[in-house]
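Quick notes on the structure that follows.
The values are calculated or read from the model by the stated rules, or taken from the named source; none is laboratory data. Here the structure is a predicted model, which means the values were calculated and not measured. Methodologically, a virtual Cβ is constructed for each residue, glycine included, from the backbone with ideal geometry; neighbour enumeration extends over all protein chains shown.
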Amino acid sequence: MSDLITITIDGKEIPAQRGEMLTKAARRAGIEIPVFCGHPKLDPIGACRMCLVEQETPRGRALITACTTPVSEGMVIHYGSEKAVDARQGTLEMILINHPLDCPICDKGGECPLQDHTLAHGPGKSHFWEEKHHKAKNYPLSDLILLDQERCILCWRCIRYLGEWEDKPQLGLFHRGGETVIDKFPDGELDAYTSGSIIDLCPVGALTNRPARFSYRPWELRKTPSICTHCGQGCNLRIDSRDDIVRRHVARENVAVNDEWICDKGRFADDISVSPARLQQPLARIAGQLQPVSWAEALQRVVSGLKGVAERHGPAAIGAIGSAKASNEANYLLGKFMRGVIGSNNLDHREGAALLADPRGLPSLEAARHADLILLMGCDPSEEMPVLATLLKRAAIRQAAAVVIVHPRRIELARYPGHCFQPAPGEEPALFDALTRATLAGRGEPIPAWLAGAAEDAQITAAANALAAAQRPFILYGSDYAWGFGARAIVASLTNWVTAAGHGDRLGFLHAQANSQGAGDMGMLPDFLPGRRPLADAKARGDLEALWQTELPSQPGLTYGGMLASARGRIKALYLLGANPAGEKPADAAALKALDFLVVQELFLTETAQLADVVLPAASYVEGDGTFTNSERRVQRAPQAVKPVGNAAPDWLILTHLARAYAPERAAAWSTTSVAALFAEITQAAPLYAGMTWENLGAGGRQWPWQALSLQRSVQPYKPAALPADPAYPLRLVVGNQLWDDGVVLAASPALAQQGIKAARLHPTDAAALGLHSGDAITLRSRSGSVRTTVHVDDAIKPGTVFLPYSLAGAPAGALFDEYAPRSAVGVG
Amino acid sequence: MDMQSHAGVDLDLLEDVLAQYQGQRGALIPILQKAQDVYGYLPPQVLQRIARSTGVAVSKVYGVATFYAQFYLQKRGRHILKLCDGTACHVKGTPVLATALEDHFGVQPGQTTEDGALTVEVVYCLGSCALAPVAVLDGQVMGRMRQEMLVRTVQKQVGAAGGEEV
């Protein structure tokens, strides 16, 4: 039976795929059957009746809904018949009976399917002259979304999205007939992390973007296809601006990355360009105070400051810290400046050398859709990559993928059937050893002596068997397990398990930051050059020396932690780009103060920038061209959407001018004048990027292949690392990312200030023992220091641990880190 | 609907009903009916408990409960007066009866007296048009109603606490 069939619409034969919906086949033939409820990403429902057409049946012609009718061979359809036209016109008239027709003040006006369909299919006038039904207007479903029940045409798209993609069916259809409304259950929540998708899906102006409303008319927006830079997924979105102010973000389809969804942080945290806190002028420390100076003076001060240190102490006394939030171009040029101009390999970033990430990130985001088992270790996609979490939920529900989780918290995805392990910090390797042992036993393979003592129990055996039996597992580990004391043992032991199960090549790493992958790819590491080529590789150095027309130092440099720890010693000057160590760790603030010279290139006057000798105001990613590389090695463009604020300048331009001022004799190697040309240079410096051009990255980006770097994996013994107990500090610290933190991006967005719970979390038994209730103020203490915050009691927390999110205002997790970071022993006092 | 006004609902009373339909698909409407038999109406906590037990989203449970006229989401009085406002009854004076009830008991159709004694509801045609206007008090059909008679009968049934003396 062929899948290609023929159907007839209005006497015209058109080809169609067996089983596809009639609306889709018709659209391909150029017949646009109007729909409201139908949406390619949602299950067909046939609620709005807008797509009525006539079908020939043995009993004569019948009106059917084209959006719910799969095509079949020989089907005969009448779209333009009098009855079909009349039916659609009647439907539209019915929909408009109670619609307020307030298009002039409706945000949707100009991009509204209801307007468009009324123009194409509607009656010129209405039979009705009675008063319209009145329902709730400007009704907040949440802090972010407003509902106008009068504009709503009851298409169910929002209800279906929350049910089908988020598995959070928090909206429903209530009451009956003309009184029917969409609403939440009384006092209910609308708290899905991608809730804003329902604004994009709404075919009328019923659901509007609360922070953005009334700030534009759709036809006057400049629409720039771009990406989101809040996490490592790199969701595709569109930046809509007017008068060089970003007005809103809407999702852009890229099925391989984010389908057609973006999370609420990506959608609503778009105020960075209008934040009054943005740096607009270069600043220099004059007589102890940071004061505005011209760009020329600022750059001259940077040149003389760095040159002075280089002359007094040598280039190895200078270091630079890049950023996993900054573009490839920024990180590449910072590396080129440090290595090629200054002559130092002291080069790293926060998520750099110390993070035991797979250098290739994760194999493929799209693989999440086809998974038959999902294994998550030390990562929480709901908080760290919310759109990926929706894809995983869908795989769990629609493909019955078992969900296996190893995490110190019971994360959201633990609600799906599978196995959930909550090892306490320090107990992870023993658990993974047990899983490895059970896997080897299940496969009838010999158990090495070092695994013979591993625990056995039924759940461990079941989880091990499930992974071993899976055909298409989607496997991730994350930063919770990839840094700090003991991380090497955790990563080695979890790699052993996955390798023993035969899935070593599917083990991926979930990067929390937008350009963690790219920063590493650009050589923002003390021992790797662009393209992940080892510094020790003489050929790689030679290639780069030819390209950069300079000589490169071959001694590996200091790491992020090493540079900060040496700030009172051999490091005398630091150049920080988009890095804020002082905000995260008070001890680092003290270290930075000891430097001879500190340059900070930043968007905001952060805790670190306040300590600088020169502050260079950088353009945000929406204000300049750039590329970012997501967790699956997809290089994507983020073109300029608006002008930089004030005198801020793009990172690449600042660094180019700086290098030319520092070493005029090397100006020829610093002659690119556009990001497109600079990206071309990057593809030469980083062979992994060969073949890519600014143009051919296109709207959907390009990946470098997973196989380009091959890692040989086998089950190997590793060096255990026991976390020492400390009776004075009976709890164990767990730090991690949560979507709604107090980071600079959210601090710049007043609309988002109230989102999420910003507190340390304790299990109810620990809270009860300490006499604490949600909302109480607490002080967390470790040997390194203390932070004050509030407590939230949460039974998802492992007893004996306290969870502290990164980036809580006034409670920098780094204050509690010691050499056991970030698994310190802590106490509550 | 705020939770405050539904305080004191004993969810344990629901356990027998839920146990009876445990694991049965499509049993939502009978469960709602039996729950209403237990509580007289469907408080939000009860809907949430039913949602948890059946695995049906609470937004769907609430959708069903609001769709059918047989389900009540507000506390009802100990006595129920149904006032027919179908065409025949309307013509024969139901609006006057409604006004009289409001004057004497302080409740409009759809409301319950503050002491919880009486709920007045409007229905559309009880099929007894020959007896218009028709009222039904606690299941007792009363035809050809006049305002004094209605007020007096309700007064008697509800007792002295139900309103002022006529």
Only one residue in A:I286, A:I262 is of a type in the set (V, I, T) and crowded, with 23+ Cβ neighbours inside 10 Å, so which one is that?
A:I262
Sort through A:L290, A:L355, A:L306, A:L365 and tell me the only one that's out of contact with any Asp or Glu (no Cβ under 7 Å at 6 or more places or on another chain), in contact (Cβ under 8 Å) with a residue 24 or more places away in the chain and closer than 30 Å to A:T495 by Cβ.
A:L355
Restricting attention to region A:370-384, the residues that are in a helix (DSSP H, G or I) and under 17 Å from the mean Cα position of the chain (by Cα) number exactly 4
Only one of these is out of contact with any Cys (no Cβ under 7 Å at 6 or more places or on another chain) and either surrounded by 24 or more Cβ atoms within 10 Å (Cβ to Cβ) or of a type in the set (A, V, I, L, M, F, W, C) (or both): A:A212, A:A206. Name it.
A:A212
Criterion violated by A:D187 - all others in (1) surrounded by fewer than 16 Cβ atoms within 10 Å (Cβ to Cβ); (2) under 23 Å from A:A87 (Cβ atoms); (3) touching a helix residue (DSSP H, G or I) at 6+ places or on another chain (Cβ under 7 Å) satisfied
(2)
State the number of residues belonging to region B:46-75 that are surrounded by fewer than 20 Cβ atoms within 10 Å (Cβ to Cβ), in contact (Cβ under 8 Å) with a residue 12 or more places away in the chain, within 12 Å of another protein chain (Cβ to nearest Cβ) and of a type in the set (F, W, Y).
2
Using the structure shown, decide if A:A455 is more than 17 Å from A:A402 (Cβ to Cβ) and of a type outside the set (S, T, Y).
yes
Taking region A:333-354, which residues are surrounded by 21 or more Cβ atoms within 10 Å (Cβ to Cβ) and part of a loop (DSSP other than H, G, I, E, B)?
A:S344, A:N345, A:N346, A:H349, A:R350, A:E351, A:G352, A:A353
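Rundown of residues vs (1) closer than 29 Å to A:R570 by Cβ; (2) surrounded by fewer than 20 Cβ atoms within 10 Å (Cβ to Cβ), yes/no style:
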| residue | (1), (2) |
| --- | --- |
| A:N236 | no, no |
| A:D243 | no, yes |
| A:P276 | no, yes |
| A:L306 | yes, no |
Kindly establish whether A:A192 is within 14 Å of another protein chain (Cβ to nearest Cβ), in contact with a Leu (Cβ under 8 Å, 6 or more places away or on another chain) and closer than 27 Å to A:N515 by Cβ.
yes
Flag for A:A441 being of a type in the set (G, A, S) and outside any helix (DSSP H, G or I):
no
Would you tally the residues in region A:587-633 being touching a Lys or Arg at 6+ places or on another chain (Cβ under 6 Å) and in a strand (DSSP E or B)?
2
Out of all the residues in region A:179-209, which are under 22 Å from the mean Cα position of the chain (by Cα) and charged (D, E, K, R)?
A:D191, A:D200
Quick check on region A:111-122. Is at least one of its residues of a type in the set (S, T, N, Q), modelled with pLDDT of 95 or more, part of a helix (DSSP H, G or I) and farther than 21 Å from A:G46 by Cβ?
yes
From A:G701, A:G756, grab the single residue that is on the phi > 0 side of the Ramachandran plot and modelled with pLDDT under 95.
A:G756
Conditions (1) within 22 Å of A:A396 (Cα to Cα); (2) out of contact with any helix residue (DSSP H, G or I) (no Cβ under 6 Å at 6 or more places or on another chain) -> A:E150 fails only (1)
Can you name every residue in region A:405-444 that is touching a residue at least 40 places away in the same chain (Cβ under 8 Å) and of a type in the set (D, E)?
A:E428, A:D433
Top-ranked residue of region A:483-506 - restricted to ones that are among the aliphatic types (A, V, I, L, M) and surrounded by fewer than 24 Cβ atoms within 10 Å (Cβ to Cβ), ranked as nearest to A:G418 (Cα to Cα)
A:A492
Whether any residue in region A:161-179 is more than 14 Å from chain B (Cβ to nearest Cβ) and charged (D, E, K, R) is what I want to check.
no
Would you pick out the residues in region B:32-45 that are aliphatic (A, V, I, L, M) and buried (at least 17 other Cβ atoms within 10 Å of the Cβ)?
B:L32, B:A35, B:L42
Would you be able to say whether some residue in region A:13-30 is of a type in the set (S, T, N, Q) and surrounded by 19 or more Cβ atoms within 10 Å (Cβ to Cβ)?
yes
Would you confirm, using the coordinates I've provided, whether A:T57 is of a type in the set (V, I, T), under 30 Å from A:R369 (Cα atoms) and surrounded by fewer than 21 Cβ atoms within 10 Å (Cβ to Cβ)?
no
For region A:254-294, which positions are among the hydroxyl-bearing types (S, T, Y) and over 27 Å from A:P225 (Cβ atoms)?
A:S294
Only one of these conditions is not met by A:L146: (1) within 14 Å of chain B (Cβ to nearest Cβ); (2) touching a strand residue (DSSP E or B) at 6+ places or on another chain (Cβ under 7 Å); (3) among the aliphatic types (A, V, I, L, M). Which number is it?
(1)
What residue, among those in region A:127-147 that are in contact with a helix residue (DSSP H, G or I) (Cβ under 9 Å, 6 or more places away or on another chain) and surrounded by fewer than 15 Cβ atoms within 10 Å (Cβ to Cβ), is nearest to A:D187 (Cα to Cα)?
A:K132
Is there a residue being modelled with pLDDT under 95 and over 19 Å from A:A721 (Cα atoms) anywhere in region A:449-456?
yes
Say whether the condition of being within 27 Å of the chain's Cα centre (by Cα), surrounded by 18 or more Cβ atoms within 10 Å (Cβ to Cβ) and hydrophobic (A, V, I, L, M, F, W, C) is met by at least one residue in region A:661-678.
yes
Taking region A:162-200, which residues are under 16 Å from A:D259 (Cβ atoms), part of a helix (DSSP H, G or I) and among the acidic types (D, E)?
A:E164, A:D200
